[in-house]
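The structure under discussion appears below in the form of C-alpha cells.
What follows is calculated from the coordinates using simple rules that are stated; it is not laboratory data. The model shown is predicted, which means the values in this text are computed figures rather than measured ones. Heads up, the Cβs are rebuilt from the backbone with ideal geometry, glycines too, and the neighbour counts pull from every protein chain shown.
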C-alpha cells in the first residue's frame, strides 16, 4: 500500500522513505511469517546540491496479522557545487508497527510505529556530515479508510532528538486504476516543535504489480515550501518490492 509522512532534519540527508514509493507509511503489515523487501534509489535536488540514496534497503517481516518488524538502511551520496562529493553508509533504523485497531478490509484502521534511528558502529558518516551524530526516536500513528474507490491514509508523529524535537504529518489519496496499477498523490510535511519553521512536499506515486510477488514503484515530487533550506525542486524514488 501507499503511505505518507516526513520529518524535518537539519542534516543534509534525504527525507526517509517508509512505505515506498511515497514518503512514509500506512497501517498495512506483510502478514504472519511473510517478508516485504523494498530496494530502491532516491534523489533530492536543491539549488547547488543533490542528495541521493544509492540504494535504500527496507526489510519488513510480519508477526501475526497486525505486527511488523522493520530494518532500513541507505547508502548516501551528497554533492554540492564547488565541493567534492561525499558518500557513506546512512543511519540504520529499527521499527515495530502494531495495527491495534482494524475494522476490516473496507473499515477504519489505526497503527502505531515506534522507530529508532542510530549511527552504524564503525561508520564515519557522521564525521562527514552525511548524518547527524547520535540517535533519533520516532513515534508516528497511521490511519487508513476506504471511501468508495479511494483509499485515504493519514499520518502524524513526533521525532525526539537531542538538538530539538520535530513534528511530521501528511495525507495521501490513492486509487487502483487497474488490477495491477495503483496511483497516489500526497502532501507530506514537517515542522519544528514550536511549529514556526515548516516544510511541505507534494508527491505523485505509482505502483505497478509485475506479478503476485513483485511490484515496480516510482514517485516524483517537489517541495512547496521550506523554512530551513532552499526548496527541493525534485524529489524522486525508483524501486522494486518483493513479497515473500
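Distance between the pseudo-spin-label points of residue 126 and residue 175 (7 Å out from Cα toward the beta carbon): 4.7 nm.
Using C-alpha pairs below 8 Å separated by at least 6 residues, the relative contact order for the chain is 21 percent. Roughly what would the spin-label model give for residue 79 and residue 41, points 7 Å off Cα along C-beta, in nm? In this crude label model, residue 79 to residue 41 measures out at 1.1 nm. Computed log10 I(q)/I(0) for the stretch 35-243 at 0.11, 0.14 Å⁻¹: -0.59, -1.00, from the Debye equation with unit scatterers placed on every C-alpha and solvent omitted. Modelled spin labels at residue 108 and residue 242, positioned 7 Å past Cα toward Cβ, are 3.9 nm from each other.
Both the radius of gyration and Dmax for the stretch 84-183 are 17.9, 53 Å, in that order, over alpha-carbon atoms. Report the FRET efficiency, 1/(1 + (r/R0)^6), for residue 145 and residue 233, where r is their Cβ-Cβ distance and R0 is 41 Å, rounded to 0.05. Working from the Cβ atoms, E equals 0.80.
Comparing Cα centroids, the stretch 218-237 and the stretch 122-194 end up 14 angstrom apart.
The protection proxy used here, the mean number of other Cβ atoms lying within 10 Å of each residue, ranks peptides 19-32, 70-83 as follows, highest first: 19-32, 70-83.
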